[in-house]
Amino acid sequence: MENNTRAPLHIYIESKPGQVFHKDIGWLELKQAESFDVYIKEYKDEKDKLDQKHKSDRKKAYNDYSRKFDEVQKEDKKSDEFIKQNYEKAKAGQVKKETYDANLRKREEGMAARQKQYTELSNEYHKNLETIDKKHDEDVQAAKDKYKSVRWVHQLVGDRRPELTEESFNESVGIGTTAIGFTFDEFLEGGGAVYLEPFWEGTKPQGRYPHGILINAKGKKPEVILGEWTDAQNNKITNPLKFGSSVYLNIYTGALYGNNIQVQLKDKDQVIRIVTLGLTNADDKLFATEYLSNNTEERGKEDIAKQGALFERAVSVHREKRVPGSAKTGYLVEDDNNKYDGKAKGLPNVQKSKFVVYIDPLWETMGGESLEIYPVVYHDKIPGKQKTLQDCILKVHKNAKDEVKVDNSNSNKVVVLSQVETDIAFFHPCQYSLVTGEYNGKKATIFERIKDKYKNEIYYRIVADDKEKPITITIADLKTDHCAFENKPEETHEKKAVTIKNAPSSYKNLNIGKNNISFSVFYPKPTHAQALDMMSLSGVKKYSYPIALSSCAISKPLTVEVLPALYYEVGFKLAAENPFFTGQTKSYTQRKYLGKGGFFNKKNNKKIRKAQSNAREENYKNEKQEVKEGRLSYNQFEVALEWGFNDIKEEALTLSGEHPVLNIIDSAMWVINTISLLSFNKEADEAIAENKNKRPDQVKKRDKKRNAYLAKKNKTLSKIPFKIEIGQPAFAGAVKWSYVASEKEGGEVGTLYEVKFKADPLIEIKGSLDLLFVATKIPYVGQVVQGMTAVADTVGSADDFWNQVVDFFGGGDDYKIQLDIDYYLDLFVSGAFKIEATATKYHTVDGFKENDISPSVEIKFGIECGGSLKAKFGNVYSVEAEFLGSAYAVLNVAKNAETNSLECKYQGLYATVKANIKTDSDNLNSNTEDNDAEPDEKKFLLHDGFAYEFKLD
Ligand SMILES: [Zn+2]
C-alpha cells in the first residue's frame, strides 16, 4: 500500500479557452498572462469520484424523500377527494351529517398527522443530506490527507529541462497542497517557461509530463518601455563620467522575457543635430569591443578579440527595489535553501535587460572627447522592429571628475545570449543540444542549441591529406527516454538518432553507434591542373558525406566536407634578396603595381576609386618614374609562386591575370604609397621653393650664428649634415596560404595566410635645418615645428623682457640683467619608415593569429641648442653657465587593422635642459653648495600630444 501511494504523482490543469496544450512536450502555451486552477491529478480524480458520489447520494436521498413525500401526498389527495365526495353526498342527503362531521374531523386529524409526516420527512431528508455532506467532506479530507506530504516544484526554467532533486520544492506552496489557484504573471511574458509539478516529499520529482508541466506565455504586446543608466546601487546617473567608467544600462521591456535584444549605442552629434533638428543616423556609432587583455594601459590593437556594432543582450527578470512606474513587475520567491519553515518571502522583480557598459576609451576616437550616449534597441517583435530611447542619455567627458565602476572588466562583450529558452518545442524530452567532432586528434564543437538552433544545416569541414584517417561525430548529450516513437521500437531515436543519407558503401569503415558515427576520409593528391583551379577557397572541390542527426525536439542534417591539405606560397621583392620565400624557384616574374588597394579595395567609395584610377593613369604616363628625393612610389616588384600538398613542395606555378593573391601584395603596396603620400610629393616641392625664395635672410643669419659658435668649438660647418639623404627602398616578402580548420568556429575551414614581409628601410631620411622647413609643410607636423621655433626665440629674448619689467617698476640699473647668450640652434630631423611583418598569420574565419602587419614610422623632429651664458644681475651677483638643450617631438604612424585606419600619434613636444651653473658665491649664500653639482638634466613637456587617424577604405 505504501508503495502504491508513493507512485509518482500526475498534474492536472483546468483548461481555459485560448490555451494550447502540447502533450508530447508537456507544455501549456498561454496567449498571455492569466489565472487558472492546477491540481494533483490523483487527488482531482478521487475528488471527482467523491463529488460524483456525493451528487448521486444527494440525489438518492432526494428521490427517497420525494417518494415518501409523494406517498403521503397521495394519501392526502385520496382523503381530500373522499371528503369532497362525502360533502356532496351529505349535501344530497345520502350521508348523514353526523357521519360527514365525523369524517371531517378524521380528515383534520389525518391532515395534522400528515403535516407532521411532512415535517418528519423533511427533517429526515435534511439530516440525510447533512450526513451525506459530512461523509463527503470527510472523504474529501481523507483524500486530501493522502497528499499531506506532497510538495510542489514551482520554478523558472532556463535553457534546458529542469534537473530536479527532492529539494526542488517551492515553500510558497504549502506542504500538502492538492490544488493551486495558479497565476502566470505579466512580467514573465515573452516565452520563458515556468515548471510546475507535485511530488512526494523525500522523492525526486519526475521533471516531465504527465507528472509536471511547462507553462509559458508569449504575451500580446512585446515592447521596449524605457531605458536608464544606473550605478551599482541602481541610482540613476546624471553627472558626466570619465572614460574607463563602467555602468549599468537598464532596458525595461514587456513580453520579452527570455528574448535577446540588440542594442546600438550612439553618441549624439551636436553639429549634425542642429542642422537636422533631431536624431539622425549620422550620430556616431559606438562599438562593442572584446579585448583579450583586461589591462587598458598596456592594450594594443592585437588585443581586440571581437568587435561588433551591436550589443546583443538577454532580457531577464531582476530583483530591484526601485523600478520605474511603467515597468512590468511581479514577485519571485526568495531562495532560502528550503529551510522547511513554510515561510516564503516574495521579492519584487522586474522584467528588463540589465547589462554592464564599459565606457571604452576607444569611443573617444569614435565620438570625440565629449559624448552623449543613448541606446537604440532592436527586436523583431516590437513595433517598428526598433526603438530609439532618446531620453536615456549618459554623458561622458574626457575631463569629467566622476568615475563609476560597477564591474572590473575593461571590455564589452559583443554577444551575451539569453540562457532562457523561449522556444519550448526544444524541450521535448527526446532531444540533444551539443554535437562534437574529432578528426586527426583535433576536437571541434559543431553544434550548440542556444547558438545554432535556427541553422537549417550544419557542416563539419575538415582538411585532409591522402592518408586515410577516421572522423568521428558524437551527439554529446542525446536523451531518448520519452521518444514519441516509444511504441514503434524500430523507429525510436534510441536507434535512429544517427543515420546516413548516401549508400553505406560510400562511407569507408563506417560505424554507427547509438549517438555517434565514424568513418574514414582522405583527399587524393591534386594534379597540376587541379592545383591551379583550387588556389582560392571558392574554387576548392570538396568531398561531401551527408548525415542526419535526429531527435523529437531537434533534427539537423549534417554534412561532412573534406578539403585538400593544399598550400601555396608566393614570394615578392624589390631591390633586395628574399630571405622569406622558402620556395625552390629562383625565377621571379616582373609585375607592375597599378595602385590597387588590395584587401582595402572592397568597401572603397567612389572618391577613392577615382583617386586610384588617376594614380594608375599617372603610373602609365610616367613609366620611368624613379625613386628619388621626396618622391617615393613603388610600381615595380618581382613575384614567384609555388604549390604543395601535405607540407611537401610540389612545383612552380605561373601567376596569370589578376589572381586574388595579388591582393595581399597590393594591400601592402597601397599602405606604403599612402604613407609616402602623407609626407612628400607636392609638399616637398613647395617647401624647397619657399625656402629658396622667401627665407634666405633667416637661413643666412642662422648659418652665420652657428658658424661662429662652431668655430669656437673647433668645429666646422662641413661636419654638420645639411644634405638630405634618402635611403634606398628595399623590401622582400612571402605569403603562404593554406586551408585550415577554424579554432573559433567549430566545423569551419578558412584560408590561413602566413605573411612574412619586411621593408627596411622603406624610406629613410636624415638631414637638418632645411629639411625641418620641409617638415613644416607636413600636415600636423608643421604645428609642432612652429612650436619649437617659438621656444628658441623666447630663450633669446628673455633678458629684454626682464629688463622691461625692472624699468616699469623703477628699479634702476642695479636690478637689471645682462644676459649674454651665446647659442646655436641646430634643427634636426630623422626618421625611417619601416615595415615589418614577420610570421603574421591571418585566418579568414578566426582573424589575425599572431601580430598584425604593422607598417609604422617614427619620425623625430627637434632642435638642439647649446652655449654658454654669463649673467650679471645688477650689482648683486653674477652667474656663469653652460647649457645643452634640445626640444623634440616624436610622431608615430601605424596601421590599425581592426578599424582599417592609419593612426598618427604625436607624442608631445618635450624640452630637455642640461645645465652647469657657477655662481658668485660671495654674493649668493644659499647657492654655494650648487657649485660643484653634477649637471642636472630636466625634461619638460611643452606641448601635449594628440592623435588622429584616417580610414583606409
Ligand atoms: Zn524521439
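The values are calculated or read from the model by the stated rules, or taken from the named source; none is laboratory data. Because the structure is predicted, anything quoted here is derived from the model rather than measured. A quick note on method: Cβ atoms are made from the backbone with ideal geometry, for glycine too, and the neighbour counts reach across all protein chains shown.
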Filter the strands (runs of 3 or more DSSP E) completely within segment 1-113 down to those with at least 3 residues that are touching a residue at least 60 places away in the same chain (Cβ under 8 Å) and out of contact with any Cys (no Cβ under 6 Å at 6 or more places or on another chain). 27-30, 35-40
Residues of segment 214-245 that turn out to be among the β-branched types (Val, Ile, Thr) and modelled with pLDDT under 95, as a count: 1
Could you say which residue among Glu494, Glu468 is among the acidic types (Asp, Glu) and either away from the ligand (no atom under 16 Å from the Cβ) or touching a helix residue (DSSP H, G or I) at 6+ places or on another chain (Cβ under 6 Å) (or both)? Glu468
Check Pro489, Pro546 and return the single one that is more than 16 Å from the ligand (Cβ to nearest atom) and either of a type outside the set (Val, Ile, Thr) or assigned to a strand (DSSP E or B) (or both). Pro546
Filter segment 141-155 down to the residues that are buried (at least 17 other Cβ atoms within 10 Å of the Cβ) and in contact with a strand residue (DSSP E or B) (Cβ under 7 Å, 6 or more places away or on another chain) and list them by number. Tyr147, Val150, Arg151, Trp152, Val153, His154, Gln155
Would you point out the residue of segment 471-485, among those that are closer than 16 Å to Glu561 by Cα and either among the aliphatic types (A, V, I, L, M) or not in a strand (DSSP E or B) (or both), that is farthest from the ligand (Cβ to nearest atom)? Ile471
Just give me the residues in segment 283-301 being in contact with an Asp or Glu (Cβ under 6 Å, 6 or more places away or on another chain) and at pLDDT below 70, in sequence order. Lys301
Could you tell me which residue of segment 463-509 is farthest from Phe427 (Cα to Cα), considering only residues that are among the β-branched types (Val, Ile, Thr) and surrounded by fewer than 16 Cβ atoms within 10 Å (Cβ to Cβ)? Thr472
Considering segment 335-355 alone, what residues qualify as being charged (D, E, K, R) and farther than 23 Å from Ala255 by Cα? Asp335, Asp336, Lys339, Asp341, Lys343, Lys345
Complete set of residues in segment 504-543 that are in a strand (DSSP E or B) and either touching a helix residue (DSSP H, G or I) at 6+ places or on another chain (Cβ under 7 Å) or within 16 Å of the ligand (Cβ to nearest atom) (or both): Leu510
Residue that is nearest to the chain's Cα centre (by Cα) [pool: residues in segment 549-559 that are within 16 Å of the ligand (Cβ to nearest atom) and either within 13 Å of Thr472 (Cα to Cα) or of a type in the set (Ser, Thr, Tyr) (or both)]: Ser555
Exception for Gly437 within (1) surrounded by 21 or more Cβ atoms within 10 Å (Cβ to Cβ); (2) assigned to a strand (DSSP E or B); (3) not assigned by TED's automatic domain parsing to the domain that holds Ile554 falls at (3)
Residue in segment 196-209 that is modelled with pLDDT of 95 or more, crowded, with 23+ Cβ neighbours inside 10 Å and in the same structural domain as Lys352 (by TED's automatic domain parsing) present: no
Check on Phe572, touching a Phe, Trp or Tyr at 6+ places or on another chain (Cβ under 7 Å), assigned by TED's automatic domain parsing to the domain that holds Asp647 and either more than 13 Å from the ligand (Cβ to nearest atom) or farther than 20 Å from Ala444 by Cα (or both): yes
Name every residue in segment 83-140 that is aliphatic (A, V, I, L, M) and loosely packed, with under 11 Cβ neighbours inside 10 Å, in order of residue number. Ala92, Ala112
Just give me the residues in segment 510-529 being farther than 21 Å from Val435 by Cα and surrounded by fewer than 17 Cβ atoms within 10 Å (Cβ to Cβ), in sequence order. Phe522, Pro524, Lys525, Thr527, His528, Ala529
Name the pairs: first residue in segment 495-514 and more than 17 Å from Thr474 (Cα to Cα), second residue away from the ligand (no atom under 16 Å from the Cβ) and charged (D, E, K, R), Cβ to Cβ under 8 Å, at least 6 apart or on different chains? Lys508/Glu468
Strands (runs of 3 or more DSSP E) within segment 307-419 that include 2 or more residues touching a helix residue (DSSP H, G or I) at 6+ places or on another chain (Cβ under 6 Å): 329-333
Looking at (1) loosely packed, with under 15 Cβ neighbours inside 10 Å; (2) of a type in the set (Ser, Thr, Tyr); (3) touching a Cys at 6+ places or on another chain (Cβ under 7 Å), find the lone condition where Ser551 falls short. (1)
